[in-house]
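Here's the structure we're looking at; comments come further down.
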Amino acid sequence: VRMSTRSTIAVRQQDGSYLAVYCHNDGGLDQPHGVGFKLVSHYSTTELAQSIVEAGNLSALDDTIDASDVYGRKCSRSYVQNRPVEPAGVFPDAETRFRFREDYNYTWTGVEWLVSVGRSPVQRSLAEQISTDSAYLQYQN
């Protein structure tokens, strides 16, 4: 079962701009289906991160880009019905990139994944955020 937890996935380019895409489903941190968990587990190199943004907007991210539901390629869902309010694309700087926000916003820095939640401009290490959330969930159970 997929959840419409929306996310953006961006990769900082060598010129300082950001190339970003929209992902409609499972945008959260949770394992094994959440975008955050998949990014840390399966896309932690610049080449792999770049493969996501070069593929285009997604209905859902999977363990490989070839297995992912990419709009216009293999996805049965309509991008027109599920598109973001603002289109993803190339953003000249971080300030412009962060005007385009969803529930979770992921950025590959060239070294690690960062995440910000909702409209917050604060980004933190995705690996740390997942670790914190996992510890909190274990404490609650």
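Just so it is clear, none of the values below were taken in a lab; they were calculated from the coordinates. Since we're looking at a predicted model, the values are computed, not measured. Backbone-built Cβ (ideal geometry, glycine too); neighbour counts: all protein chains shown.
Amide H contacts of Tyr18 (H built 1.01 Å from N, in plane; Pro and chain starts excluded): Gln13, Phe91, Asp93 sit under 5 Å, all sequence-distant by 5 or more or on other chains. Once the Cβ-Cβ distance of Gln14 and Ser131 is raised to the sixth power relative to R0 = 25 Å, the FRET efficiency obtained is 0.25.
Taking amide hydrogens as placed 1.01 Å from N in the peptide plane, the amide H of Ser59 sits under 5 Å from those of His24, Asp69, Val70, Tyr71, each at least 5 positions away in sequence or on another chain.
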